[in-house]
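All remarks here apply to the structure that follows.
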Amino acid sequence: MKQNQTIAVLGATGKSGKYLVDQLLKQGYAIRVLVRDPAKFTTINSRIEVIQGDARDYTAIYRLLEKCEAVISTLGQRKGEPPVLSQATTHIVQAMCERNINRYIVVTGLSIDIPGDRKSFRTKFWSRIMKWFFGSVIADKQKEFSVLATSWLRWTLVRLPMIERTEETGAIAIDLYDCPGKKIRATDLAVFLVQQLSDNRFIQKAPFIASI
C-alpha cells in the first residue's frame, strides 16, 4: 500500500478518468483531482480530495499539485472549445517545477509524431483522417509533446488508439514506434498508467499501447 503517496489527476471526469481513479485507489494511493464541476465527479472515498478549477488556470494547477508526488493526466479536448492541452501542459510543467515534482504521465492520440517513429500504413491512414477532421486539436497535441520534450521532467507520453470503456482487462501490447492494435480497454489503460509510477522503462518516451 502507498497511503503516504499522493497523485494529482487531471481528466478524472473524462472518458478514461474514472478507470484511472479506481485503479489508483486499488493500489493504495491518495488522490487529488482537478474538476471544473465537482458535481460531475461521483467517486466518494476518504483518500480523494477534489479541487475545483480549470486546467487553463495556472493557479488551479498549482493548488492541485500541493503535497503530490506525481501527476497523471487523461485530460481531453472538450468539443466546441479552443485547444487547451498544450496550455494545460505548460502550466503543469511550470507548477511541477515550483512544487519540485518531476514525474508526469499523460495520454495522447496515435496521430502524434515522435522522432524515430516507424508507423504502419494503417496508423498513418488513421492519423491522416484525424488530422483532416481535427487539425487544430492534433496540432495542439503535437505542441504539447514539444513542451514535454524541452522540459526537465521525467515524463511519459502514452499514445492510444480508440478507448473502449469497459471494466474488462487483459494483456496489452506496447510499441515505441507504431500502434500495435485498434483499441485500448479503459481498464488496461488505467493499469498501465498506474504502473508507470514505479516503472522507469518509458521515461522521456512515448509508447503506443493497445489491448490484445
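Of note:
- Gain on full stretching of the segment that runs from Glu66 to Phe133 - 0.36 nm per residue minus C-alpha separation: 20.3 nm
- For Cys97, Cys179, Cys68, the sequence from fewest to most other C-beta atoms within 10 Å is Cys97, Cys68, Cys179.
- Distance between segment 68-102 and segment 11-40 - C-alpha centres, whole angstrom: 15
- Residue exposure proxy: Leu110, Leu64, Leu25, ordered by other Cβ atoms within 10 angstrom of their Cβ from fewest to most, comes out as Leu25, Leu110, Leu64.
- Spatial extent of the chain: Rg and Dmax, with the Cα atoms as the point set, Å: 16.0, 47
- Inter-probe distance in nm under a simple model that places probes 7 Å from Cα toward Cβ, at Glu49 and Thr169: 2.6
- Column: log10 I(q)/I(0), Debye, Cα scatterers of segment 1-42, q = 0.13, 0.22, 0.25 Å⁻¹: -0.25, -0.68, -0.83
- Using the rule -39500 (n - 2.57) for each DSSP H run of four or more residues, divided by the residues of the chain, the 222 nm mean residue ellipticity is -10000 deg cm²/dmol.
- Share of pairwise Cα-Cα distances greater than 15 Å in segment 152-207 is 48 percent (whole percent).
- Chymotrypsin sites (Phe, Trp or Tyr not before Pro) within segment 104-212, DSSP loop, no more than 16 other Cβ atoms inside 10 Å: Phe134, Trp152, Tyr177
- Under 25 Å from the Cα of Lys26 - lysines, other chains or at least 8 residues apart: Lys2, Lys15, Lys18, Lys40, Lys67, Lys183
- Helix 186-195 axis, angle to the chain major axis (alpha carbon atoms, nearest 10°): 70
- With 0.36 nm allotted per residue and the present C-alpha distance subtracted, the Gln94-Ser198 stretch has 35.2 nm of extension available.
Each reported figure results from applying straightforward, stated rules to the coordinates on display, with no laboratory input. None of these values were measured; they are calculated from a predicted model. Cβ atoms come from the backbone with ideal geometry, glycine included; neighbour counts cover every protein chain shown.
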